[in-house]
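Novice: Can you keep this structure in mind? I'll have questions shortly.
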Amino acid sequence: MNDDNHSQELDELASLLRDHVDPDLQMHGGGLFATFVNELHHVDDKDGPLGRTSRWQDDVIVEAIASGSRVLDLGCGTGELLEHLKGKAGRLQGVEVDHDQVAACVARGVPVFQADVDAGLREFDDDSFDYVVLEETLQALRHPHDVLHEMLRIGRCGIVSFPNFGHWRIRLYLAAHGRMPVSHRLPHQWFDTPNIHHLTLRDFKAWCNDNAVIIDRAMVLADGVVRPFAEGDNLHASEVLLFIRRS
Amino acid sequence: MNDRDPRYDAPDSPRSVGWVEAQRVVLASGDNPFVLESGTSLAEVEVEYETYGSLNADASNAILVCHALSGDAHVAGWDARAEQDERPWRSRKPGWWDAMVGPGKFIDTDCYFVVCSNVLGSCYGTTAPASLDPDTGKPYGLRFPVVTVEDWVQLQHRLITHLGIERLHTVIGGSLGGQQALEWALAFPNLVDRCVVLAASPRLSAQGLGFNAVGRHGIMNDPAFVEGDYYDGEPPAIGLAAARMLAHITYLSEQGMDNKFGRRLRSSDKPAFGFGIEFEVESYLDYQGRSFAERFDANSYLYITRAMDYYDAAARWGDGDLGAACRRIKAATMVVSFSTDWLYTPDQCRELGATLLRVGAPVTYLNLPSPYGHDAFLVEIDMLGPLVRDFLASDQGAES
C-alpha cells in the first residue's frame, strides 16, 4: 500500500475545502464555522460512534484468522471479540486493566488477565500467539511504540486498529476552528480525552517503515463503508485496521 | 433460645440451605491405610464433611469447597447439632461461606452439589491430634504424623470417590483452601474442570513462614502445652490466643485496621497509664484470641500451619519450576487476589496467573480492590460472588 502522494492529497483537500464551505458565506467569518460543525456531525453519524459498540473490526478479524489459531486481545474490553472467536480460535486470551470490563469478560466466559498493557507484557513469551490484537487502543496508550514492538514479539501477526486523525474533516475542523476536533466519533475534549497519542494512517505507515514492520493487509471504514484500503484513504478513512508483522 | 445474628439468612430463609448436619465416613482402615506424603501412614482416618444440593444423574455438577486454616466443613446453613456437638458458636452464625453458598446464591445449591470436608489434622471431626491413637488408646498429640496439603487433597479424592463423583465441575478455595484447589488441579489434572484460587499463591513467603513460626512458638512455650499432651488438663490457651492474635493481624490490612479501630481508646478519652487493654484494637484482638482458643485445638494449629509452610507447588510438581508444574494443569483456572492482602500478596497471586499464561493454559486473573486484606475472600462477597458465579457457568477451556 503506497498512497504517499502528498501533493495530490493537498489538491484534494483544497477542493474539499471549497465544496464544504457555503459560497454565499465565504466572505463571512461565522459561516465557515457553522458549516463545518454541521458537516462533521452529519458524516460522523454514518460511521457510527467510536468505540466498542460498533465493531466492524471484529467481523474482519473473525473472518481473517485461521481456525485453531492462538489469539491474544490486548485491551480486550468486555471480551466481545474473544466471544466471537469462540469455537474458531484454538486459544483465546484477553488482557484488560479495567475491573468492570474484566468482570464482563468473566461473564462472557472468556479468559482474561487483569493487567495494564502499558506496564509491559513480560508475562508473555516470544511467539506464543499467532495473532495479537490491539483494537482501538493504540491511540490511548502511554507507550504505543513499546506495545507495538511487544505485540510483534509475542505474536506472529499483529492486528491494529485506530481512528485516523488524518481524516479530512478532522483536518478542516482544526484548520477552521483552531480547536481540537470534537465530534460524535471523537466526543472528548482535549482535557478529558483517553486518546493521548493522535496518529494518522500515514503516521502509522511511516512508523512501520522505520521499524521494519510489514503491513500485510489494511481495511478502512470510510463514509460508512468497510472496504480494503485504497489510495487517498489517509484523507477518507475514519478508522483503519491493519495486519502487520515483522519483516 | 435463639441468639442467631440477624445479619445472616435464617434457617427458614429460601436463600439458606437451612438446618444441616455434618456426616462422617471412615476413609482409611486396617486393610486400606492412608499413606502420607511423609511416608508414614494412618491406619484409621475418619472424615467429617457436609454436602448441599443434589448430585445430578451424570455426577457432573460437583463443586468441592476447600476451607482455610481455621475453617471447617460447615460452609453454609445452620448446624442442627451445634449444642450436642459442643460447638455453641455455630448457634449464632451460619457456615463460614454462607453468603456465597446456598439456593440462588453465587454458588447455587439449586444447581450444584457442593461438598466440603474438614482437613486431616483439623479439630472439627476429621482424624486429628486430639483423636485416640488406636495403638495407645490415648490422644495422638504430637505423635500424630505431619500432614501436608497434598495429603489433604488425596484424602478429599477418597471422599469424592466415596460420594460417587469421578470428576469435579469446580474446586474452589481461599487462602490455604486456594492452595488445596491448586493442588487438586496439579495432582488430578484429568478430574478437575475448573479451579478457583482465591487469595493464595503456590507457596507461602518467608514473611508468612515467619508469622507461623512465631505463632507456634507461643503455643509450644505455653507451660500448659506439655509437649502436646494436655488433653487431660487445661489446654495451652494463652499460647494459642497469642498465635491467633498475631495471625489475625496478617488477615487484616493496615488500612482496614485504621478504618476499623484507628487509635481510639476503649473506654475513655485519656490514657490510664497502665498495661491493661487500652486501645480498641487491643480489645478486639484480645477477644479474637480468647474466642479462638475456646474453639480450636492448639495441636491442630501446629499441624495445619506446618502444612501451610511446607506447601510448594513448584517444588512438588515442577522440580522447583512453577512453569513445569503448571503445564500439568488442564482445568480452566481463575486466580483472584485482593489489593491489600499482605499474606498472599497480589504479586504472588499474579505470578501464578502469569505462569499459567506462559504455559498456555486458559487463565483469568484479577486483583480486586479491597481494604479487608487477606480476609477479603470471606468478606467481599458482593464483588467476588458474581465473578465466581459467572466463572462456574462458563465453558472456557473445560475438558469435555
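The values are calculated or read from the model by the stated rules, or taken from the named source; none is laboratory data. Note that the structure is a prediction, hence the values are computed from the model and not measured. Here the Cβ positions follow ideal geometry from the backbone for every residue, glycine too, while neighbour counts run over all protein chains shown. Quick note on the areas: whole protein, heavy atoms, side chains included, nothing else; ligands and nucleic acids left out. Shrake-Rupley method; radii C 1.70, N 1.55, O 1.52, S 1.80 Å.
Novice: Report, as an integer, the average count of C-beta atoms from other chains found within 10 Å of each Cβ along B:350-363.
Specialist: 4
Novice: Could you pull out every one of the aspartates and glutamates with an alpha carbon less than 12 Å from that of residue A:86, ignoring same-chain neighbours closer than 8 positions?
Specialist: Straight-distance partners of residue A:86: B:395.
Novice: Something else about it: Using only DSSP helix segments of four residues or longer, with each worth -39500 (n - 2.57), what per-residue ellipticity at 222 nm results for chain B after dividing by its residue count and rounding to 500?
Specialist: -10000 deg cm²/dmol
Novice: Counting protein heavy atoms only and a 1.4 angstrom probe, how many square angstrom of accessible surface do chains A and B bury in total, to the nearest 100?
Specialist: Counting protein atoms only, the buried area is about 1700 Å².
Novice: As a test, work out the antiparallel percent of DSSP beta bridges whose residues both lie in chain B, rounded to the nearest 5.
Specialist: If I count the DSSP bridges inside chain B, around 35 percent turn out antiparallel.
Novice: Based on the alpha-carbon set only, what is the convex hull volume of segment B:210-305 divided per residue, in Å³? Display every interim value, and only then the final one.
Specialist: Values: hull volume 11.0 nm³, N = 96.
It is 114 Å³ per residue.
Novice: A follow-up question, please. To the nearest whole percent, what portion of all C-alpha pairs in chain B is separated by more than 39 angstrom?
Specialist: 14
Novice: Taking the inverse of the average 1/r across all pairs of different Cα atoms in the protein assembly as shown, what Kirkwood radius in Å do you get?
Specialist: That comes to 28.0 Å for the protein assembly as shown.
Novice: Would you list B:138, B:270, A:205 from the most to the least accessible area, probe 1.4 Å?
Specialist: B:270, B:138, A:205
Novice: Also, quick follow-up: If you take every DSSP beta bridge fully contained in segment A:114-247, what fraction is antiparallel? Give it as a percent rounded to 5.
Specialist: Details: 18 of 24 bridges.
So the antiparallel bridges amount to about 75 percent of the total.
Novice: Nearest-5 percent of antiparallel DSSP beta bridges in the protein assembly as shown?
Specialist: So the antiparallel bridges in the protein assembly as shown amount to around 40 percent.
Novice: Solvent-accessible area of residue B:257, probe 1.4 Å, all protein chains present, reported in Å² to the nearest ten, please.
Specialist: Rounded to the nearest 10, the figure is 40 Å².
Novice: For an R0 of 51 angstrom, estimate the FRET efficiency from the Cβ-Cβ distance between residue A:231 and residue B:321 and round to the nearest 0.05.
Specialist: The pair residue A:231/residue B:321 has a calculated efficiency of 0.45.
Novice: Please work out how much accessible surface residue B:40 shows to a 1.4 Å probe, ignoring ligands, DNA and RNA, in Å² rounded to 10.
Specialist: Result for residue B:40: roughly 70 Å² accessible.
Novice: Something else now. Using a 1.4 Å probe on the protein chains only, how many percent of the accessible area of segment B:224-323 belongs to carbon and sulfur?
Specialist: Roughly 51 percent of what the probe reaches on segment B:224-323 is carbon or sulfur.
Novice: Rolling a 1.4 angstrom probe over the protein heavy atoms, how many square angstrom per residue are accessible across the protein assembly as shown?
Specialist: 43
Novice: In addition: Just to make sure I understand: if all protein chains stay in place, what is the order of B:368, B:252, A:17 by accessible area at 1.4 Å, largest first?
Specialist: A:17, B:252, B:368
Novice: Lys/Arg Cβ at +1, Asp/Glu Cβ at -1, dipole of the protein assembly as shown taken about the Cα centre: which of B:189, B:283, B:141 is farthest positive-ward?
Specialist: Value computed over the given set: B:141.
Novice: Starting from the Cα of residue A:88, draw a straight line to each of the lysines and keep only those under 25 Å, dropping any in the same chain fewer than 8 residues away.
Specialist: Of all the lysines, those that pass the test against residue A:88 - Cα under 25 Å, at least 8 places apart if same chain - are B:330.
Novice: How much net charge surrounds residue B:372 when only other residues with a Cβ under 11 Å from its Cβ are counted (Lys, Arg +1; Asp, Glu -1)? Could the numbers behind the result be given before it?
Specialist: On the way: positive: B:260; negative: B:341, B:375, B:380.
That sum, taken over residues with Cβ under 11 Å, equals -2.
Novice: How much accessible area does residue A:214 have with a 1.4 Å probe, in Å² rounded to the nearest 10?
Specialist: Surface open to solvent at residue A:214 totals about 60 Å².
Novice: Need the list of aspartates and glutamates near residue B:105 for cross-linking: C-alpha distance under 16 angstrom, and skip anything on the same chain fewer than eight residues off.
Specialist: B:9, B:12, B:380, B:382, B:390
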